[in-house]
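Below you'll find the structure, written out as structure tokens, and then a few comments.
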Amino acid sequence: MNGLTKIRDVSSKYNISARTLRYYEDMGLIHSIRSDDYAYRLYDDTAVKRLEQTLILRKLNISIKDIQRVFSASGSDAVLEVLGNKVNDIDEEVALLHELREIIISFIHQIENADFSKDSDIKLLYDKAKEIETQFASPTHVQRLFDVTKKLEQKAASRLIIPDNILKKRLQNVYFIWGDGAAIADELGKRYGIYVYHTCDNRWKYAKDADPNLQPALTRNVQDYFAQDPEDAAQWEREIAHDFTPMAIMDLIELTANHDKIICENAIDIDSIIPFVTHAVNIINSRASDDFYDMYENEIRRRDISDDEKKRLTHKVNILRKNAKQEGGILCRESGKYGVKQIIWDDNSTVEQAADTIAEYFGFRTARLLRGL
């Protein structure tokens, strides 16, 4: 792999997620290299250079559509036009903000000079408001006004940060089980009367309300999931978990109002929520079976494709399965660096035994005994 860089290394070096790299590739901004003996994406020097250019343009708030134009054109004309249009957009926003400033100052002067004990002065303010309404009656002015206020609201929203300690307090009785732990979560829920929140059962109810620009994985329309390349399917699964995580957190906070304890099982993005997680374990699936890849392999066998293609895809699935098991699972490979408790579930341990281990770690057994005293 001389001269090629792994997707993980690119992601780390430029501080961007694999999800973003995949999105840039879908948009044709960068290109990866695949090989049958290595399951993950690789990038050559040309792709890395193009990524650097993309990141610079995104920092300048250039749209993906305009970046596509820049990369598809020869010479500097396209980039000069795009940057010139961006300057014009900024000038228009500045002009409108100055106009809004004058309106506000006018209102301030009217209020300072008004005597609210007099009906005439109240009417004066009303007339002033009608005058401004007439002034901005043009659809163009109204739209410009809405555009600027919307952008200002977005800037304000981006500065609104909920402290981690507040979220941690709200979720302190949520117990996260990452990895292939649906059966174990259900066993714990049945034993101790704890509500189990299955992310896979809940995430699609939010797909219709998701924003394709902000949550592309959750809104992506794929007719046949298993017709995708296995690595693409695995990556998409990670991206769906990332997109769905904010909705899951909202659900969990709402559920804490009605349940003393909640178990949240499966696909939550660890990087997004680890600062406010109190209880978590990661199931390391060392069994011969694996729900995701076994299901994928079974679907490959059923597909109407040549035997050579089935063999090629099955080989790739086996590489991905092996790598996922070595690294801790398809969604939870990074959990170890956060100090999350690792629970090994192999062919020698039953669901009940794995549940015993987790119950002891979470203190469920102690809690049940105390309730019986």
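Only the coordinates and a few stated rules stand behind these numbers; no lab work does. In this text the structure is predicted, and so the values were computed from the model without any measurement. Because the Cβ atoms are built from the backbone with ideal geometry, glycine has one as well, and the counts that use them run over all protein chains shown.
Side notes on the structure shown:
- Extension reserve of the Asn202-His98 stretch, reckoned as 0.36 nm per residue once the Cα distance is removed: 32.8 nm
- Subset of Lys311/Lys341; Lys59/Lys261; Lys6/Lys311 violating a 31 Å alpha-carbon distance limit: Lys311/Lys341; Lys59/Lys261
- Under 5 Å from the amide H of Ser349 lies no amide H of any residue 5 or more positions distant or on a separate chain, with H modelled from the backbone and absent for Pro and chain starts.
- Cα-Cα P(r), segment 5-72, percent of pairs per 10 Å interval: 20, 57, 21, 3
- For Glu299 and Thr357, a Förster radius of 35 Å and the Cβ-Cβ distance give a FRET efficiency of 0.60, rounded to the nearest 0.05.
- Length gained when the stretch Asn15-Asp260 is fully extended (0.36 nm per residue, less Cα-Cα span): 84.4 nm
- For Asp26 and Ile108, the FRET efficiency from 1/(1 + (r/R0)^6), where r spans their Cβ atoms and R0 equals 56 Å, is about 0.65.
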